[in-house]
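See structure below.
The values are calculated or read from the model by the stated rules, or taken from the named source; none is laboratory data. Given the structure is predicted, the values throughout are model-derived calculations rather than measurements. With ideal geometry, Cβ positions are generated from the backbone for all residues, glycine too; neighbour counts draw on all protein chains shown.
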Amino acid sequence: MTVRWRVTAQSGTDQAQGRAGRGVGSLGAATVFAVGMAGTTLPTPLYGLYREEIGFSELIVTVIFAVYALGVIAVLLLAGDVSDRTGRRPVLLAALVFSAGSALCFLLESGLPLMFLGRVLSGFAAGLLSGAGTAAVLELAGPGRTARAGLAATAANMGGLGSGPLLSGLLAQYAPWPLRLPYLVHLALVCAVALIVWRLPETVRTERGGARALLRPSGMRVPPEVRGVFTPAACAAFAGFALLGLFTSVSSGFITGTLGESNLAVAGAVVFTVFLASTAGQSLMPRLGVARALPAGCLLLLVGLLLAGLSLLVKSLWPLVACALVGGAGQGLGFRAGLTAVSGAAPARHRAGAISAFFVVAYLGISVPSVGVGAISLALGLREAGMVFTAVVMLLTAAVGAYVWRRPLTPAPA
């Protein structure tokens, strides 16, 4: 007998039982989201220490980072909507299991294989959290609090990504066991938030059976009526995420090797700054509207990339910090504007597929340019590779910015 999964609305009794805890539940879900995402960027300031311990090139650093993005993309393609069919809590718990597994791989690492495995597991965690975490924060907020919950979800996502390098940089610089203690602390945090997940109200009801549907591909499709909006929006997301990828993969090498700053806490704080600025940029988007926010985001991103190139040219840390602030704000502004445009232009029956495609392009932006920087650095050096990167991404950003300035994107009503 074939048994199908079906998502149903909560009954009045279930809603009444969960209503009292929804405010706390939304905050709890945001905390889980942030802790899980922090684990995905925890190794960022530590790659220099791993290079000294194991011995590998800058290219390998970027490949280690890229396999994380491939793990995210795989989950988006195969299980992007799995929490719609199984419930939010089971998927959040599964994401935390992957996050704990990643931390254990780095705790036990004795070479590259476990590091690669740890990054893949981290990508799986991020892919699951992106959908289930956002949905849980929004659904547990309750009626009338959607806008505030949307900002909370954004802050949890980007704040978590930024907090990982800040935490590991501080611990590695000022505490013992620099390659172990950050993961032990993260494991403790994962265990703590797992208890929160256990107590969260479930917002999705499913019928029994149909386990084979768990990994049914959700479908990634960009319908013809969305393509005019999708292409410039996705290109802007690609460029913005390329900047994030640069900060989270090779920024530690730039800061310590090229700019001469050996303090790991400083390296972690710089990465934290770009994600903090991204959160601020995303919060400003509703005030500007899509039509103005996307070209404005491209302009800020362009200025940020100029500052990154200047930092490398004069070998100074402060232009890189300014790049994190300005470029991060531009990335956040453009990313949320592009996502809003794509989701608004897509018909309801294809909206999830279009949004999944948008995220896949964004995560390709994290991985592909970073690996390119690593490859070019073998021949030219890391500083010169970084300057090539900034020039190429600046050209893409300028082209997209000019296009959306002349042809503003206006999402159709949902």
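Is one or more of the residues making up region 336-352 of a type in the set (D, E, K, R), in a helix (DSSP H, G or I), surrounded by fewer than 24 Cβ atoms within 10 Å (Cβ to Cβ) and under 21 Å from the mean Cα position of the chain (by Cα)?
yes
A quick yes/no check of all residues on (1) in the same structural domain as G25 (by TED's automatic domain parsing); (2) in a loop (DSSP other than H, G, I, E, B); (3) modelled with pLDDT under 90; (4) touching a strand residue (DSSP E or B) at 6+ places or on another chain (Cβ under 7 Å):
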residue: H186; (1), (2), (3), (4): yes, no, no, no
residue: L189; (1), (2), (3), (4): yes, no, no, no
residue: V193; (1), (2), (3), (4): yes, no, no, no
residue: R212; (1), (2), (3), (4): no, no, yes, no
residue: L215; (1), (2), (3), (4): no, yes, yes, no
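Looking at A136, A125, A155, which one is surrounded by fewer than 24 Cβ atoms within 10 Å (Cβ to Cβ), within 19 Å of the chain's Cα centre (by Cα) and part of a helix (DSSP H, G or I)?
A155
Scanning for something crowded, with 22+ Cβ neighbours inside 10 Å, under 15 Å from G159 (Cα atoms) and not hydroxyl-bearing (S, T, Y), does region 308-328 turn up at least one residue?
Yes; the residues of region 308-328 include at least one that is crowded, with 22+ Cβ neighbours inside 10 Å, under 15 Å from G159 (Cα atoms) and not hydroxyl-bearing (S, T, Y).
Report yes if P201 is part of a loop (DSSP other than H, G, I, E, B) and touching a Gly at 6+ places or on another chain (Cβ under 6 Å), otherwise no.
So P201 passes the test.
I want to confirm something. Restricting to region 139-148 and keeping residues that are in a helix (DSSP H, G or I) and more than 15 Å from M285 (Cα to Cα), which single residue is modelled with the lowest pLDDT?
T146
When you check L200 against the structure, is it out of contact with any Ser or Thr (no Cβ under 6 Å at 6 or more places or on another chain), at pLDDT below 95 and crowded, with 17+ Cβ neighbours inside 10 Å, yes or no?
Yes.
So, in region 256-295, of the ones that are among the polar types (S, T, N, Q) and touching a residue at least 24 places away in the same chain (Cβ under 8 Å), which residue ends up surrounded by the fewest Cβ atoms within 10 Å (Cβ to Cβ)?
Of everything passing the filter in region 256-295, N263 is surrounded by the fewest Cβ atoms within 10 Å (Cβ to Cβ).
Collect the residues in region 321-360 that are in contact with a helix residue (DSSP H, G or I) (Cβ under 9 Å, 6 or more places away or on another chain), of a type in the set (G, A, S) and farther than 30 Å from I255 by Cα, keeping them in residue-number order.
Residues satisfying the conditions are A337, G338, A341, S343, G344, A345, A346, A352, A354, S356, A357.
Any residue in region 44-66 that is crowded, with 20+ Cβ neighbours inside 10 Å, more than 14 Å from the chain's Cα centre (by Cα) and not in a helix (DSSP H, G or I)?
no
Scan region 296-307 and give yes if some residue there is surrounded by fewer than 24 Cβ atoms within 10 Å (Cβ to Cβ), closer than 24 Å to A399 by Cβ and in contact with a Cys (Cβ under 7 Å, 6 or more places away or on another chain), otherwise no.
Taking every residue of region 296-307 in turn, at least one turns out to be surrounded by fewer than 24 Cβ atoms within 10 Å (Cβ to Cβ), closer than 24 Å to A399 by Cβ and in contact with a Cys (Cβ under 7 Å, 6 or more places away or on another chain).
Pick out the one residue from P176, P165 that is part of a loop (DSSP other than H, G, I, E, B) and either assigned by TED's automatic domain parsing to the domain that holds T40 or not acidic (D, E) (or both).
P176
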